[in-house]
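Trainee: Here it is, the structure, as structure tokens.
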Amino acid sequence: MTGLAIFEAGLDELRAGRTDSALPLLTAALEREPKHALASLNLAMALMDLGRLDEAGPPLRKAAAALPHLAEAHFRTGRLAHLQGDLCSARAGYEAALARVPVHVPALSGLAVIERMCGLPERAEALFSEALLHAPMDGGIALEFARTLRESGAADRAATIAEDVLVREPDLGQAGLIWADALVAQHGVAEAKLRIEAAIRADPLCAARVAGLASVIEALDGPAAALPQWRLAKVLAPDDGQILSGLGHSLWRQRQYKDALEVFERAVRLLPNERKLRVALGEQLLRTHRFAEAKDMLERTMRDLGSDYRGQATLALVQVSQGLQDDAMVSAAATGGENEMLLRLCSVGPYHSEQADPARLLEVAVRLHEGLSQGLDPYCPVPRIRSKDRLRVGFLSANFGTHPVGWFTLAGIESLPRDGFELVFLAFGERGGALAQRYRDRADAWGALDPGIGEMALVERLRAEGLDILIDLGGHGLGGRLRALRHRCAPVQIKWVGSQSATTGVPNIDWMLTDDWETPQGFERHYLERLLRLPDGYVCYEPPSYAPPVAAPPLRARGHVTFGCYNNMAKITPRVLACWARILNAVPESRLVLRTHALADAPTREAFIKRATAMGLPPERMDLHGAIPHAELLAAYGDIDISLDPFPYNGGLTVCESLWMGVPVLTLAGGGFAARHALSHLSNVGLVDWVTYDEEGYVAQAIARAADPEALVTLRATLRERVSVSPLCDAPRFGRNLADALRRAWAEAQA
């Protein structure tokens, strides 16, 4: 076939909607005739339609240079720039198209969107009106016009236009969403809901109206209440990307990550140029531990659509989860501003060998504190009759259940005397299971919060509780809302478990709940908060009732020591790998067992093996496993003799679980809060001699412990009993200590 014939075949595929099939034909046509400008243009258009914007650039530039008279080439150049966030180049492209064809409708619409984004609604309205004169039935343009009217305060006109569109196109979810939003602006959420329900009774099969109702219910009652309507809208319009987006986000907020992932995958196929959807897909891949795919999705999204803070922040989380701490720091820096500081302070920085230095963390916290101190909402306590003897204490978290927050706080909270403390649990979303039910059983009051609630709405909600003390159990981590507490919500505000890795940098956080091992005297300089020290440990560990008995030491059957680490990959730094290599190479026949989610992801696993091998670890002596159910994970401690704690971010729950299963933990303590978790837990069970303070000591002690197998056998036989009677697991004792600390903090606030 000639180049022209191949080109025509490619056009036929495009006309039939088979864009994927058109690509090889258009590419082949260009190979036959490299100067075929229309083939270049159509190839670029096809790539853009598939969301492959980075690849579309070269053929589009080639076509525009060869076809300067063609309005479509200039429009597509502008559209590509628009999608990639370059508004100046987008404007130039649209204006060039209009200079050649003054009634080029897509260029008029694109230019109108830019004017709206630049804060020029009147100019945007004029351009949309002109576009609709020439294309009065174009629903997409009409909806952009309605959005502009809504944003400029003309909600009544916006609602009318959006409803006209949904009547013509009842399966167009975006029409229903804009219509519903305009009704809310006109009448408020409750009245808008009634009006939409009435419209649906008259037209029950209109997917757009059902989607609008779902969005309003979500705003009024939260994602759980909206989920049935989103599902119904999807049944009515299974190929609408905006409806799928709404359903996916609702599932996400309900922690139904696998279901959300499937929905987002389909939504991205339908709307490949929607940045929000592609980043959301990357986030779901992260949540479901498909790390390599998440990294690829996010990197491709930013190549195609340009970088943005959310994409970079999510990429940083993926990279740190793969053990790529240096790469994660680069991505964190690319987010800029407050987002960069939060990542440096919590989700990335404490895992990085250099950034985890407490002086560096404090420097970031000070900058964050300065920024968050701007525009604080004045605090006016809710008038109420306060009990002389009973404090009203609130706990704020998304993790009241089977989670480290649960294993470390529940038993101690249950031990707070009921006659001294009225407990209010403020929960983002719902968790099931025995631990979640026990939180509810202890609650004097329970407040369910929408995970997507805005900051000031959350502040108002918390203030309305009339708390004496508010304790945050989320921090800056996923699902945490510590930032909102900068607007004081209670006379005393305390940070406790839950991404508790460093000073918070949040104004009006009065105290950090801690102990003398986490923060010995002199460590005050590392914290902006005051240190509320407990006399024993800062947590109370509750071992799972389903934990199996301690297994026999594997060294007896194998004739060699087996080391292990069941921490997540984020904690395994190059310096940790170098130390482990020295240990294995010094202890003949010893092996290393690792278990974590990331090792079930094949590309991540292969990359880890390469890094570990480069650091000197013999791959044939490593046993690498993915995650398994919790009871099986506990039983898997029967495979190892010594747990090697990572650094600078130590294990927390993994240390306690290892000890409970009879496996001693060797740690290296640092200066930051996250670098001293294991020190606190080991000290509370009387194993301070398993704590080292530099890499030489860490390696030397691992070698020495492995050389004394009888001591390991003896310790294993007694370790569970030792832990069970220690302060680490003494809930009544911890409850008394916590009660005393809370009363002390309250008394100082009243002084």
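Trainee: Set the Förster distance to 35 Å, then compute FRET efficiency between Thr288 and Val688 from the Cβ-Cβ distance, nearest 0.05.
Mentor: So, using R0 = 35 Å, E works out to roughly 0.35.
Trainee: Stokes-Einstein D for region 115-157 at 37 °C, 0.692 mPa s, Kirkwood Rh over Cα pairs, in µm²/s?
Mentor: Approximately 320 µm²/s, per Stokes-Einstein.
Trainee: On a 0 to 90° scale, report how tilted helix 709-724 is relative to the longest principal axis of the chain, with both axes built from alpha carbons and the result rounded to the nearest 10.
Mentor: That helix lies at roughly 80 degrees to the long axis.
Trainee: Still on this structure, I have one more. Would you compute, for the Cα atoms of region 1-105, the largest minus smallest coordinate along each principal axis and list the three values in descending order, in whole Å?
Mentor: Taking the Cα atoms of region 1-105, the three principal extents are 41, 26, 23 Å.
Trainee: Out of Ala9, Thr160, Val101, whose Cα points farthest toward the positive end of the dipole of the chain (charges: +1 Lys, Arg; -1 Asp, Glu; placed on Cβ)?
Mentor: Looking along the dipole axis, the top candidate is Thr160.
Trainee: Once you have the alpha carbon radius of gyration of region 652-739, what is it after dividing by 2.2 N^0.38 Å, with N set to its residue count?
Mentor: 1.13
Trainee: List the relative contact order of the chain as a percent without decimals, with contacts defined as Cα pairs under 8 Å and 6+ residues apart.
Mentor: Relative contact order, the chain: 8 percent.
Trainee: Now, a different point. Order these peptides, 442-452, 161-171, by their mean beta-carbon neighbour count within 10 angstrom, highest first.
Mentor: 161-171, 442-452
Trainee: Okay, moving on. If you average the sequence gap of Cα pairs under 8 Å that are 6 or more apart and divide by the length of region 234-306, what percent do you get for the contact order?
Mentor: 24 percent
Trainee: Also, I was wondering about something else. Using only alpha carbons, build the gyration tensor for region 339-441 and give me the equivalent ellipsoid semi-axes, biggest first, whole Å.
Mentor: Semi-axes, largest first: 32, 22, 13 Å.
Trainee: Under 5 Å between amide hydrogens, which residues at least 5 positions from Leu531 or on another chain qualify, with H placed 1.01 Å from N in the peptide plane?
Mentor: For Leu531, the qualifying residues are Met512.
Trainee: A follow-up question, please. Multiply the residue separation of Leu270 and Asp12 by 0.36 nm, subtract the distance between their alpha-carbon atoms, and state the gained length in nm to one decimal.
Mentor: Extending this stretch completely gives an extra 90.8 nm.
Trainee: Output ³J(HN,Hα) for region 525-542: one whole-Hz value per residue in order, computed from phi by the Karplus curve 6.51 cos²θ - 1.76 cosθ + 1.60 with θ = phi - 60°, and x for Gly and Pro.
Mentor: Karplus-based 3J(HN,Hα) across region 525-542 equals 5, 8, 10, 7, 7, 6, 9, 9, 8, 8, x, 10, x, 8, 10, 10, 7, 10 Hz.
Trainee: Moving on to the next point. Calculate the length of the line joining the C-alpha centroid of region 352-414 to that of region 654-718, in whole Å.
Mentor: Value for the Cα centre distance between the two parts: 29 Å.
Trainee: Stokes-Einstein at 10 °C, 1.306 mPa s, Kirkwood radius from Cα pairs: D for region 380-521 in µm² s⁻¹?
Mentor: 103 µm²/s
Trainee: Continuing with the same structure: Over all directions, average the projected area of the Cα convex hull of region 246-393 and note it in nm².
Mentor: 12.9 nm²
Trainee: Return the equivalent ellipsoid semi-axes of region 227-276 as a descending list in whole Å, where each equals the square root of 5 times an eigenvalue of the C-alpha gyration tensor.
Mentor: 15, 14, 8
Trainee: How many nm separate the modelled label positions at Thr160 and Glu430, each set 7 Å beyond the Cα in the direction of the Cβ?
Mentor: 4.3 nm
Trainee: For region 536-649, count all C-alpha to C-alpha pairs, find those more than 24 Å apart, and express that count as a whole percent of the total.
Mentor: Summing the P(r) tail past 24 Å for region 536-649 gives 29 percent.
Trainee: Could you order peptides 607-617, 674-684 by the average number of other Cβ atoms within 10 Å of their residues, highest first?
Mentor: Descending mean neighbour count gives 674-684, 607-617.
Trainee: Kindly write out, for region 115-122 in residue order, the coupling ³J(HN,Hα) from the Karplus curve 6.51 cos²θ - 1.76 cosθ + 1.60 (θ = phi - 60°), rounded to whole Hz, with x marking Gly and Pro.
Mentor: 4, 5, 5, 8, x, 10, x, 5
Trainee: Please sort 323-331, 529-537 by packing, taking for each peptide the average over its residues of neighbouring beta carbons within 10 angstrom, highest first.
Mentor: 323-331, 529-537
Trainee: Estimate the FRET efficiency between Glu620 and Glu354 by the formula 1/(1 + (r/R0)^6), using the beta-carbon distance for r and 25 Å for R0, to the nearest 0.05.
Mentor: Plugging the Cβ-Cβ distance into 1/(1 + (r/R0)^6) gives 0.20.
Trainee: Ordered by residue, what ³J(HN,Hα) values in Hz, to whole numbers, does region 360-377 give under the Karplus form 6.51 cos²θ - 1.76 cosθ + 1.60, where θ = phi - 60° and Gly and Pro are x?
Mentor: 5, 4, 5, 4, 5, 4, 5, 5, 5, 4, 4, x, 6, 7, 7, x, 6, 7
Trainee: If you place +1 on the Cβ of every Lys and Arg, -1 on the Cβ of every Asp and Glu, and leave all else neutral, what size is the dipole of region 700-751 about its Cα centre, to the nearest 20 Debye?
Mentor: Magnitude of the dipole: close to 140 debye.
Trainee: How far apart, in nm, are the 7 Å Cα→Cβ label points at Glu151 and Ser89?
Mentor: With each label point 7 Å from Cα toward Cβ, the separation is 2.2 nm.
Trainee: In whole Å, what is the distance between the alpha-carbon centres of region 1-73 and region 94-149?
Mentor: Distance between centres, Cα-based: 26 Å.
Trainee: Here is a further query. For Lys193, give me every one of the lysines with a C-alpha distance below 23 angstrom, ignoring sequence neighbours fewer than eight places off in its own chain.
Mentor: By straight Cα distance, Lys193 reaches Lys234.
Trainee: Just to be sure I follow: if Rg is taken over the C-alpha atoms of region 63-170 and Rh is the Kirkwood radius over the same atoms, what is Rg/Rh?
Mentor: Here Rg/Rh amounts to 1.01.
Trainee: Quick one: check the C-alpha center-to-center distance for region 238-279 versus region 550-606, whole angstrom.
Mentor: 38 Å
Trainee: Any idea what the dipole of the chain comes to, in debye rounded to 20, about its Cα centre with Lys/Arg Cβ at +1 and Asp/Glu Cβ at -1?
Mentor: Magnitude of the dipole: close to 560 debye.
Trainee: Suppose each label sits 7 Å from its Cα in the direction of the beta carbon; what would the Glu524-Leu120 distance come out to in nanometres?
Mentor: 5.8 nm
Trainee: Expressed in whole Å with the largest first, what are the equivalent ellipsoid semi-axes of region 598-675 derived from the C-alpha gyration tensor as the square root of 5 times each eigenvalue?
Mentor: 22, 18, 13
Values in this text are rule-based calculations from the coordinates and carry no lab data. None of the values given here were measured: they were computed from a predicted structure. Counting neighbours? That spans all protein chains shown, and the Cβs are built from the backbone with ideal geometry, glycine included.
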